[in-house]
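Taking it in order: structure first as structure tokens, then the write-up.
The values are calculated or read from the model by the stated rules, or taken from the named source; none is laboratory data. Bear in mind the structure is a predicted one, so any value in this text is a computation, not a measurement. With ideal geometry, Cβ positions are generated from the backbone for all residues, glycine too; neighbour counts draw on all protein chains shown.
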Amino acid sequence: MKRRSVLGVAAPLVLAAATRAARAAPPATLATNTDHGFNSAGAFEIVAEFDDPGPSGVALTPGGRLFVGFPRHAVNHKGATLAELKDGTLHPYPDAATSLPSDRRPADRLVSVHGMTTDSRGRLWMIDDGKLAGLPLQPGAAKIVGIDPATDRIFASIVLTAPTLRPESHMNDLRVDLTHGAQGTVFVTDSSFGSTPALVVVDIATGRQRRVLAHHPSTQVEAGFMAVVEGRPLAFDPKHPAFVSGGADGVTLSPDSALLYYCPLTSRRLYGIPTAILADFTKTDEDLAQAVRDLGEKGVADGLATDPQGRIYTTNFEHDAIFRRNTDGTFDTIVRDPRVLSPDGIFVFGPHVYCTLGQWNRLAGFNGGHDLRAPPYYLIRCPIDAAVPVSSQPA
């Protein structure tokens, strides 16, 4: 797999009021009719460039090992679906037999790794959405997988089954909470390739699983939604999709794992729910619905991530940007640049936030059968506490 190298995660988070205002940019110092939002803002480094396939999930272990996922649900590529990036090279992980295409049963290999994360013990977790482009889901393909970087061995593989798994499921992203359940609980967003999104809750010790909030507004696409992508106003049409869309997608935990934050992809709202309630299999969907809190606007977000201070980072494919929601409900721009195209997987590590740029909105399925993607695809990182200059000079 080709790669060109450019460079050789607190306090509990309180649910902020939905009416908090975003932080305004400083006033311009030069009288001009220039649109000051046109210029780039913030700094980023290109960690890696990928010729093909496009990256999605990204995660780093406490020791700094960096892993990238390359799903196959959009393009059924022949490369590794999970790889470790080290010494300027992508290495299939945990080994070639598991990560590369093969004749092994879907349950015994990685099929299409999408969302990725680490738990509070530093172990790597991923959602294998199990989907190959143009093919139906196979039994055993969609699963939650845990790998211990200390041994490079799979220690958990929980196959998702009906009725938790639906034929049109798109198991998108996940977070792992080790504070509930004998061995922890996994929360998964099913954004759905159809019109049936939901949250999925899985007990690690027993594999017990269920589908929740499948009809709640917090997991659903917004009717009449319109996105502006690369300057084009695009209305959501489930029968003729023109941009990346879906229900429950982005997900992240508060630093103490007490709260789960999540959002539909085709929406600008952010939602939160206590994990103690969500992880309790005795609670009904009505109980869960009463516990959901609408936390207000956050823009169009694909990936979500949290830093140790409880601040939430959101990707935004309308503005080629990464924003940060502060604990008081205000927002900052971390980076905005035309090269930050279709920001997807996001992960906070030390003083940086890492993000993959897969150019998903340029896929043929959204552009009349024409694949408009232009490799390389990027993995970038941005400093999370650097001042973001707002240019007042003409472009």
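Meeting the requirement of 3 or more residues that are in contact with an Asp or Glu (Cβ under 9 Å, 6 or more places away or on another chain), the strands (runs of 3 or more DSSP E) wholly within segment 263-306 are 269-274. Select from segment 194-247 the residues that are over 20 Å from the mean Cα position of the chain (by Cα), among the charged types (D, E, K, R) and under 20 Å from A279 (Cα atoms) and list them in ascending order. D203, R208, R210 - these are the residues of segment 194-247 that are over 20 Å from the mean Cα position of the chain (by Cα), among the charged types (D, E, K, R) and under 20 Å from A279 (Cα atoms).
Please enumerate the residues belonging to segment 96-125 that are out of contact with any strand residue (DSSP E or B) (no Cβ under 6 Å at 6 or more places or on another chain) and over 24 Å from V186 (Cα atoms). Selection gives A96, A97, P101, S102, D103, R104. For the residues D108, D119, D128, the requirement of being crowded, with 23+ Cβ neighbours inside 10 Å, among the acidic types (D, E) and more than 17 Å from R211 (Cβ to Cβ) singles out D128.
Examine segment 29-40 for a residue that is in a strand (DSSP E or B), under 28 Å from V244 (Cα atoms) and not aromatic (F, W, Y), and state whether such a residue exists. No, every residue in segment 29-40 fails to be in a strand (DSSP E or B), under 28 Å from V244 (Cα atoms) and not aromatic (F, W, Y). Taken over segment 307-318, residues that are touching a Lys or Arg at 6+ places or on another chain (Cβ under 6 Å), part of a loop (DSSP other than H, G, I, E, B) and either within 22 Å of F225 (Cβ to Cβ) or of a type in the set (A, V, I, L, M, F, W, C) (or both) amount to 0.
Conditions (1) out of contact with any Gly (no Cβ under 6 Å at 6 or more places or on another chain); (2) in a loop (DSSP other than H, G, I, E, B); (3) surrounded by 20 or more Cβ atoms within 10 Å (Cβ to Cβ), marked per residue:
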site	(1), (2), (3)
D328	yes, yes, no
I334	no, no, yes
V340	yes, yes, yes
I346	no, no, yes
V353	yes, no, yes
N361	yes, no, yes
G365	yes, no, no
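Does at least one position in segment 370-380 carry a residue that is part of a strand (DSSP E or B), at pLDDT 95 or above and surrounded by fewer than 22 Cβ atoms within 10 Å (Cβ to Cβ)? Checked segment 370-380: no residue is part of a strand (DSSP E or B), at pLDDT 95 or above and surrounded by fewer than 22 Cβ atoms within 10 Å (Cβ to Cβ).
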